[in-house]
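The values are calculated or read from the model by the stated rules, or taken from the named source; none is laboratory data. Nothing here was measured: the structure is a model prediction, and the numbers come from that model. Here Cβ is always computed from backbone atoms with ideal geometry, including for glycine, and neighbour counts include all displayed protein chains.
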Amino acid sequence: MAALGRISNLLLRSSLNQTRRQLSATAEHGEQSARLWKILTFTVALPGVAVCMLNMYLKEQQHSHEQPEFIPYSHLRIRSKRFPWGDGVKSLFHNPHVNALPDGYEGHDE
């Protein structure tokens, strides 16, 4: 019985030592991996975000800010019942410059 206890104790120690070695190797690999991702963040990701922001800014400068023409299509802006907020005609995220009401844009008498 005592021999069985000694054997199990030896096996437990050897598995713990092996686990410690694996963890230390993983930690070294983890430090290298963290360094790699830090370098990639500063050399690839941040410049990539900056280029995308510049592209968006330049496209916005070229974009016309005129109100689109109102065409009263019968299949658009159907209101079968009133919205439960405000005056009941405007959608929840209504933008008077872009979103037309069923009879045209706000503030325009045509």
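Brief remarks follow.
- Every residue from region 59-102 that is touching a Pro at 6+ places or on another chain (Cβ under 8 Å) and of a type in the set (D, E, K, R): R77, R79
- The listed residue being loosely packed, with under 11 Cβ neighbours inside 10 Å and in a loop (DSSP other than H, G, I, E, B), out of S91, S64: S64
- Yes/no for E60 being modelled with pLDDT of 75 or more and acidic (D, E): yes
- From the list A25, A34, A3, the lone residue that is among the hydrophobic types (A, V, I, L, M, F, W, C), at pLDDT below 70 and over 28 Å from G107 (Cβ atoms) is A25.
- In region 73-84, the residues that are more than 14 Å from G104 (Cα to Cα) reach residues that are surrounded by 10 or more Cβ atoms within 10 Å (Cβ to Cβ) with C-beta atoms within less than 8 angstrom, at least six apart or across chains, in these pairs: R82/G88; R82/V89; F83/V89; F83/K90; F83/S91.
- Residue count for region 51-99 satisfying the condition of being over 30 Å from the mean Cα position of the chain (by Cα) and among the aliphatic types (A, V, I, L, M): 4.
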